[in-house]
Amino acid sequence: MEGVAGSPTSRNPGAALRMVAEIHETLKEPETALKIYQQVAREHANTPAGEAAQKSVERLGKTAAAGNG
């Protein structure tokens, strides 16, 4: 992740960060995944990666809310 974050001028940093978030989600680390998805959604809002990340934020937010109830 540091390599992606340290190279914001790379071809598609939003997509790379989203993939990092997906890995964390697969590893059962939803809090970390959510933080990364939120970063991608915020920093790459008008890109396909940002839009996909926003959907993941909404999905994980619902899961977290259901688990807290």
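The values are calculated or read from the model by the stated rules, or taken from the named source; none is laboratory data. Only a predicted model underlies this, so the values are computations on that prediction, with no experimental measurement involved. Don't worry about glycine lacking a Cβ; one is built from the backbone with ideal geometry, like all the others, and counts go over all protein chains shown. Keep in mind that these areas ignore ligands, DNA and RNA; they rest on the heavy atoms of the full protein, side chains included. Shrake-Rupley method; radii C 1.70, N 1.55, O 1.52, S 1.80 Å.
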Checklist entry - Take the residues of the range 50-65 that are open to solvent by 80 Å² or more (accessible area, probe 1.4 Å) and either not in a helix (DSSP H, G or I) or not hydroxyl-bearing (Ser, Thr, Tyr) (or both): which is farthest from Asn12 (Cα to Cα)? => result Lys62
Checklist outcome for this item: Scanning the range 35-47 residue by residue, those farther than 10 Å from Leu60 by Cα and assigned to a helix (DSSP H, G or I) turn out to be Lys35, Ile36, Gln38, Gln39, Val40, Ala41, Arg42, Glu43
Checklist entry - Can you spot a residue in the range 15-31 that is in contact with a His (Cβ under 7 Å, 6 or more places away or on another chain) and surrounded by 15 or more Cβ atoms within 10 Å (Cβ to Cβ)? => result no
Checklist entry - Within the range 1-29, how many residues are modelled with pLDDT of 95 or more and in a loop (DSSP other than H, G, I, E, B)? => result 3
Checklist entry - If Thr32 passes every condition in (1) in a helix (DSSP H, G or I); (2) of a type in the set (S, T, N, Q); (3) at pLDDT below 95 but one, which one does it miss? => result (3)
Next on the checklist: Being closer than 20 Å to Arg11 by Cα and at pLDDT below 95 narrows it down to one residue among Asn68, Asn46; which is it?
Outcome noted: Asn46
